[in-house]
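Student: Below: one structure in C-alpha cells.
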Amino acid sequence: MKHIILALLFPVIANGATVQLTDSVGGLIPDGSTAGLARTLVLDRPGEEITSITVDISISGTSGSFPFLGDLYFYLSDGTSLVTLANRAGRDSGTLDGYDDSVSMMVTFSDLAFTDFHVYRPAVTGNSTTALSGPLTGSFQPDGRDTLPTSVVTGDARTSQLSDFLGVSAERTFTLFAADLSGGAEHQIDSLTLNVETVQVPEPSLGLLSLASACLLMFKRWR
C-alpha cells in the first residue's frame, strides 16, 4: 500500500532536455600566474535536475607562443562542488614540471572516458616520455586530484568527478577557472562548451495528494 501511495504522489515524468552552454569568446590565460582566467556559463532550467554533464574545451598557444600543457591547472565549479579537470598533467616525483607537450588541445572531459587526463601521454604516444607530435584530441576523465598544483603527483587520490554535479538543480552558474602556473609562453582558451542533460522533477498534484491521504487513512484503519 505504501508503494502505491508513493507512486500516486510521484508519477514518473520523463521530460527533460539536452542543453549546450557555449562560450566562444575565451580569453588569454595569464602566463606564470595563479590569477588565472575565469569564464562563466549559466544553466537556467527551472524544475529540472542534472542527469549528465561533459565539458568540451579548446586551448592553444598565442601566436608565436609555445606553452606546455603540463603548465595548466583548471577546474569547473558551481559554487558548491569543484571538479579538477586538469592539474599539471604529467607532474610526478620525477617530472615536476609536468608534460612538456607544446601543442594545442581540443578535448572532452567525461567520467565515461577511459583515460585519466593527468596521464594522457601513454594513451596517445604509448609511453610517458614520448612527446605528442600534434594536437591533443579525444575524451578524457577529469584529473580529479584536488591536491595543490605545486605538489600534485600521479599517485594522489582522485576525489572529484563530474558526477558530483548530478542530481542537483539545473538552475546554477558554472565557472571554469584556468591558470598557467609556469612562465615562458601564453595559453588561450579558444572555446568552452558544457553539454548538460536534465530531467524534469515530478511534483505531486493536489488531487493526487487528496487521494493518497484517503488511501493512507484507509490503510491505517485496516491495520
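Read-outs: derived from the displayed coordinates by stated rules, not from any lab. Worth saying up front: this structure is predicted, and the values here are computed from it rather than measured. Note: ideal-geometry Cβ built from the backbone for every residue, glycine included; neighbour counts use all protein chains shown.
Student: Show me, for the stretch 149-155, the HN-Hα J-couplings you get by feeding each phi into the Karplus relation (A = 6.51, B = -1.76, C = 1.60, θ = phi - 60°), rounded to Hz, glycine and proline as x.
Tutor: Result, ordered by residue: x, 6, 9, 4, 9, 4, x Hz.
Student: Assuming R0 = 35 Å, can you tell me the calculated FRET efficiency for the pair T40 and F114, based on Cβ-Cβ distance, to the nearest 0.05? Could you put the intermediate results ahead of the total?
Tutor: Details: r = 30 Å, r/R0 = 0.86.
Efficiency, rounded to the nearest 0.05: 0.70.
Student: Averaged over every viewing direction, what's the projected area of the C-alpha convex hull for the stretch 15-202? Give it in nm², one decimal, please.
Tutor: Values: hull surface 41.0 nm².
Averaging across all directions leaves 10.2 nm² for the Cα convex hull.
Student: Additional query: With only Lys, Arg, Asp and Glu charged, each at its Cβ (+1 for the first two, -1 for the last two), find how big the charge dipole of the stretch 15-202 is about the Cα centre; round to the nearest 20 debye. Mind showing how you got there, number by number?
Tutor: Details: 8 positive and 23 negative charges, 30 e Å.
So the magnitude is around 140 debye.
Student: For the stretch 82-149 and the stretch 10-60, compute the distance between their C-alpha centroids and round to whole Å.
Tutor: Each part reduced to its Cα centre gives a spacing of 21 Å.
Student: Ok, one more. Counting Lys and Arg as +1 and Asp and Glu as -1, what is the net charge of the other residues whose Cβ lies under 12 Å from the Cβ of S169? Write out the running numbers ahead of the final one.
Tutor: Details: positive: R45, R172; negative: D44, E48, E49, D78, E171.
Around S169, the charge tally is -3.
Student: Here's another thing I want to ask about it. Once the other residues with Cβ under 12 Å from the Cβ of E197 are scored (Lys, Arg +1; Asp, Glu -1), what is the net sum? Walk me through the numbers on the way to the answer.
Tutor: On the way: positive: R45; negative: E48, E49.
Within the 12 Å Cβ shell, the charges total -1.
Student: If you don't mind, another one. Give me the one-decimal nm value for the distance between modelled label points at T130 and L148, 7 Å along each residue's Cα-to-Cβ direction.
Tutor: Reported label-point gap for T130 and L148 is 3.6 nm.
Student: Taking the Cα centre of the stretch 50-150 as the origin, how large is its charge dipole in debye, to the nearest 20, when only Lys and Arg (+1) and Asp and Glu (-1) carry charge on their Cβ atoms?
Tutor: 100 debye
Student: I've got another one for you. For G98, which sequence-distant residues (separation of 5 or more, or a different chain) have an amide H within less than 5 Å of its own amide H, given hydrogens modelled in the peptide plane?
Tutor: Long-range HN contacts for G98: R91, D92.
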